[in-house]
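The values are calculated or read from the model by the stated rules, or taken from the named source; none is laboratory data. As the structure is a computational prediction, the values presented were derived from the model and not from experiment. Here Cβ is always computed from backbone atoms with ideal geometry, including for glycine, and neighbour counts include all displayed protein chains. All accessible areas refer to the heavy atoms of the entire protein, side chains included, with ligands and DNA or RNA removed. Shrake-Rupley method; radii C 1.70, N 1.55, O 1.52, S 1.80 Å.
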Amino acid sequence: MRQRREPASFEALKAEAFIRGESTLSVVCDRPFDEVALQLEGSIVANDLGILQVHDFGRLLQAKGMALEQNCRVYEVCNPRLAAQLIDIDPGLAHVLPCRISMHDRGGVTTVTTPMPSALMTEFSHAANVARLARTFEAGLQRVLRGLR
């Protein structure tokens, strides 16, 4: 039988509140979910990104008769200028746009995570300039997440 692993405490994660993995960026916060959500939304707008859609998985799944033990939300965000340039270079990249930022909470810890565009987009396209544009978008996402610390 598989044992349920307890999440790491905030104190254990606090030392690396901004985490850059091989393919993701994450921020760990010790503030309430709704407070972090408001701050995230403000940081998205302040960094010249648009919020295209917000998916609240708690509400979506509750409507289907399922319940989550924690809050879970996904923001679809976009920089229209960069998106247009990427699609002009390689229309096949449309399936990885818009970029997504997810947030969830558990045990008083709210985590915000996003895939790194430089890892994701270059996996699907080797066209010239895709890596440069993906890094530009990624820099904006880093500013968004750093704004939550």
Exercise for review: With respect to Ala127, determine if the residue is open to solvent by 30 Å² or more (accessible area, probe 1.4 Å), assigned to a loop (DSSP other than H, G, I, E, B) and of a type in the set (A, V, I, L, M).
Suggested key: yes
Practice item. Answer yes if at least one residue in segment 100-115 is touching a residue at least 40 places away in the same chain (Cβ under 8 Å) and acidic (Asp, Glu), and no otherwise. Key: yes
Review point. So, in segment 84-119, of the ones that are closer than 16 Å to Val144 by Cβ and assigned to a helix (DSSP H, G or I), which residue ends up least open to solvent (accessible area, probe 1.4 Å)?
Key: Pro117
Review point. With respect to the numbered conditions (1) closer than 30 Å to Asp30 by Cβ; (2) of a type in the set (S, T, N, Q); (3) without any contact (Cβ under 8 Å) to a residue 24 or more places away in the chain, which one is the sole condition not fulfilled by Thr122?
Key: (1)
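Yes/no per residue for (1) open to solvent by 70 Å² or more (accessible area, probe 1.4 Å); (2) in a strand (DSSP E or B); (3) at pLDDT 95 or above:
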| residue | (1), (2), (3) |
| --- | --- |
| Asp48 | yes, no, no |
| Gln53 | yes, yes, yes |
| Arg59 | yes, no, no |
| Lys64 | yes, no, no |
| Ala67 | yes, no, no |
| Gln70 | no, no, no |
| Arg73 | no, yes, yes |
| Val77 | no, yes, yes |
